[in-house]
1. Which percent of Cα-Cα pairs in the stretch 87-240 sits in each 5 Å bin, short to long?
2. Got a sec? How would TRP10, TRP40 order by Cβ neighbour count within 10 Å, fewest to most?
3. Out of all DSSP beta bridges with both ends in the chain, state the antiparallel percent to the nearest 5.
4. Taking the Cβ of each residue in HIS75, HIS25 as the centre, tally the other Cβ atoms inside 10 Å and list the residues starting with the fewest.
5. What list of ³J(HN,Hα) couplings, whole Hz, do you get for the stretch 294-299 from phi and the Karplus terms 6.51, -1.76, 1.60, once you set θ to phi - 60° and write x for glycine and proline?
6. Per 10 Å bin, what percent of the C-alpha pairs of the stretch 106-147 does each bin hold, from zero upward?
7. Divide by every residue of the chain the summed helix terms, -39500 (n - 2.57) for each DSSP H run of at least 4, and state the resulting mean residue ellipticity at 222 nm, rounded to the nearest 500 deg cm²/dmol.
8. Determine how many Å³ per residue the convex hull of the Cα atoms of the stretch 1-115 encloses.
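None of the figures in this text is laboratory data; all of them are computed from the coordinates on show. Since we're looking at a predicted model, the values are computed, not measured. Here Cβ is always computed from backbone atoms with ideal geometry, including for glycine, and neighbour counts include all displayed protein chains.
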Amino acid sequence: MGKLKFALYWGAACGGCDVAVVDTHEKLLDIVAAADILFWPVAMDFKYHDVEEMADQHIDICLFNGAVRNSENEHIAHLLRQKSKVMVAFGACAQLGGIPGLANEKRGKEILDYVYHGSPSTISPKEVYPQEVVSVSGVELKLPRFYETVMALDQVVEVDYYVPGCPPESARILEVVQAIVTGNLPPKGSVVGALDKALCDTCPRKREEKKVKAFYRPHEILFDLERCFLEQGLICLGPATRGGCSDPPRCIRSNMPCRGCYGPPPDVTDQGVKMMSAIGSIIDSQDPEKIEQIIHGIADPLGTFYRFGLPASALRKKRFL
């Protein structure tokens, strides 16, 4: 068997997943020794036509990171699906929609209005918007179509495996490559490099089954470095998030609550609903008005409970009348 053929691509993303691949450090040489990278536009000079000219399924595995935000993302997702034997949703944005997916709370025009006219750093006296097609000096220039809805990768093409995280930890990346090289792959549809239980099950912090009278942001209180975050009134998505990011979890050992980037455990269909249920069980009050007051102490519930997974959730997007 010859070397594997790899492709890596980013859609709507911050670039952190590509940095995570580079952050394998000298182990990147092991990846290169096992596989030829045929397409990685963020790091090497490849063109779309290089992929278009490949035979179908010429690529052994494609790591696709980023959500699908526009027509270019969707086109390349279909192209790489056609050319790849195995398609991996790599990172939270591809798996769940990620932070770009929070844009599903707004209409597309609201977003464009703010970016091109409303932001404090933007001056546009002629109120110019980007156009899909424009002619400049006789040359036709094209831009991708901006979609109304952000989508996770599997809402556009079939996905074989999922690697969670924002970004995936470098150790998990190496595990995935090793599984591919050895042919020791799990069943299709599996979430690779993660546990089948919640992060709370692996958290080293002490739990005392205490209820809370108020919620805080981490900078608002001096919190105990050994006790459960939730029991101190700090929103931690551990009860609604799949474990396995590291042991112990990196955010937790850095004294920061879990943000939820590994997505829901396998028995949870909606991460946000699960988290709201967990919070409801620890509020120390039976008085409806007091309960409402406590809940209002949670800053940005949508951005907190669905930070990484709004497009893949039961909500998916805001419905506009």
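1. Calculated P(r), rounded to whole percents: 2, 7, 10, 11, 12, 12, 13, 12, 10, 6, 3, 2, 1, 0, 0.
2. On the way: TRP10 24, TRP40 17.
Ranking TRP10, TRP40 by Cβ neighbours within 10 Å, fewest first, gives TRP40, TRP10.
3. Working: 8 of 29 bridges.
So the antiparallel bridges in the chain amount to around 30 percent.
4. On the way: HIS75 14, HIS25 8.
If I rank by nearby Cβ atoms, fewest first, I get HIS25, HIS75.
5. Working through the residues one at a time gives 5, 5, 5, x, 8, 6 Hz.
6. 25, 44, 28, 3
7. Details: 11 runs with 84 residues, N = 321.
So the helix-based figure for the chain works out to -7000 deg cm²/dmol.
8. Working: hull volume 13.0 nm³, N = 115.
Taking only Cα atoms, the stretch 1-115 has a hull volume of 113 Å³ per residue.
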